[in-house]
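The structure under discussion appears below in the form of structure tokens.
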Amino acid sequence: MVTYPQRITLCGFGGQGIILSAVILGTTAVTKGDLYAVQTQSYGSEARGGQCQSELIIDKKAINSPVAEKKNLLVAMFQTAYEKYIPTLEDDGVLVIDPGLVTKITRPIKTTFEVPATQIAVDLGNRMAANMVMLGFLSESLGIIRREDLLDVVKDTVNPRFVELNFKAVEAGIAYAKENDLYHK
């Protein structure tokens, strides 16, 4: 059961589609879930490779501020970004990491999911789809958004050349959650 508000940080490095993930997640919540969402982002001056993050708040009621001091979900896809944002995660929050890129956990969180999103994307033929693997995982394991709604928004948001790949990546993230029984209890 999803509780609201959901205060989320997605972080990694430029080129991973972190900001696109937050936009798709927020858009899905608003257009398909009848929820409210607000999203902010920041990234380094580098075009690709620098640290980036996006914060997203999803709630059943209007959101008065785009800033939340503490988050209840942190999705980290890069060690440096993890280290920067792990202090913002509530003690009873949920941590989702890509273990191929976040290899040193400095603050153990009781509910931690390791999702090899980048490796799964590489196995699909394009490492750039790791963000969609994570969205599929979040859909299935945490129930923040529904699979069908997510796929509709992906279809409407991404370049048509990449829709099929992104669908496969979302489905792979869902399959990973199911195969490994990774659900937030």
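Name the single residue, out of those in the stretch 112-143 being of a type in the set (Val, Ile, Thr) and part of a helix (DSSP H, G or I), that is least open to solvent (accessible area, probe 1.4 Å).
Of all residues in the stretch 112-143, those of a type in the set (Val, Ile, Thr) come to 112, 115, 118, 120, 122, 133.
Then keep just the ones that are part of a helix (DSSP H, G or I); that gives 118, 120, 122, 133.
Numbers: Thr118: 18, Ile120: 29, Val122: 65, Val133: 0 Å².
The residue in question is Val133.
If we keep just the residues of the stretch 25-39 that are over 10 Å from Val153 (Cβ atoms) and open to solvent by 50 Å² or more (accessible area, probe 1.4 Å), which is farthest from the chain's Cα centre (by Cα)?
In the first step, residues of the stretch 25-39 are kept if they are over 10 Å from Val153 (Cβ atoms); the result is 33-39.
If we keep only those that are open to solvent by 50 Å² or more (accessible area, probe 1.4 Å) as well, we get 34, 36, 39.
Details: Asp34: 20, Tyr36: 17, Gln39: 13 Å.
Looking at residues that are over 10 Å from Val153 (Cβ atoms) and open to solvent by 50 Å² or more (accessible area, probe 1.4 Å), I get Asp34.
Under 9 Å between Cβ atoms, which residue pairs at least 6 apart in sequence (or on different chains) link something in the stretch 105-134 that is free of Cβ contacts under 8 Å to residues at least 60 places away in the same chain and farther than 21 Å from Lys178 by Cα with a partner that is part of a helix (DSSP H, G or I) and open to solvent by 40 Å² or more (accessible area, probe 1.4 Å)?
Thr106/Glu83; Arg107/Pro87; Gly125/Lys168; Asn126/Phe162; Arg127/Gln119
Show the residue pairs that are 6+ apart or on different chains and have beta-carbon atoms under 7 Å apart, the first residue being within the stretch 56-67 and without any contact (Cβ under 8 Å) to a residue 12 or more places away in the chain, the second being assigned to a loop (DSSP other than H, G, I, E, B) and surrounded by 12 or more Cβ atoms within 10 Å (Cβ to Cβ).
none
Being open to solvent by 50 Å² or more (accessible area, probe 1.4 Å) and in contact with a helix residue (DSSP H, G or I) (Cβ under 7 Å, 6 or more places away or on another chain) is the filter here; which residues of the stretch 70-104 pass it?
Lys70, Gly100, Thr103, Lys104
Which of (1) closer than 19 Å to Gly14 by Cα; (2) of a type in the set (A, V, I, L, M, F, W, C); (3) assigned to a loop (DSSP other than H, G, I, E, B) is the odd one out, the single condition Leu74 does not satisfy?
In the conditions (1) closer than 19 Å to Gly14 by Cα; (2) of a type in the set (A, V, I, L, M, F, W, C); (3) assigned to a loop (DSSP other than H, G, I, E, B), Leu74 misses (3) alone.
Determine, yes or no, whether Val102 is within 13 Å of the chain's Cα centre (by Cα), of a type in the set (A, V, I, L, M, F, W, C) and not in a helix (DSSP H, G or I).
Numbers: within 13 Å of the chain's Cα centre (by Cα): no; of a type in the set (A, V, I, L, M, F, W, C): yes; not in a helix (DSSP H, G or I): yes.
No; evaluated as a whole, the condition is false for this residue.
When the residues of the stretch 144-184 are narrowed to those that are in contact (Cβ under 8 Å) with a residue 40 or more places away in the chain and assigned to a loop (DSSP other than H, G, I, E, B), which ends up surrounded by the fewest Cβ atoms within 10 Å (Cβ to Cβ)?
Top of the filtered list is Tyr183.
The values are calculated or read from the model by the stated rules, or taken from the named source; none is laboratory data. These numbers were taken from a predicted model, which means no experiment stands behind them. Note that we place each Cβ from the backbone using ideal geometry, even for glycine, and neighbour counts take in every protein chain shown. Accessible surface is based on the protein model in full, side chains and every heavy atom, while ligands, DNA and RNA are left aside. Shrake-Rupley method; radii C 1.70, N 1.55, O 1.52, S 1.80 Å.
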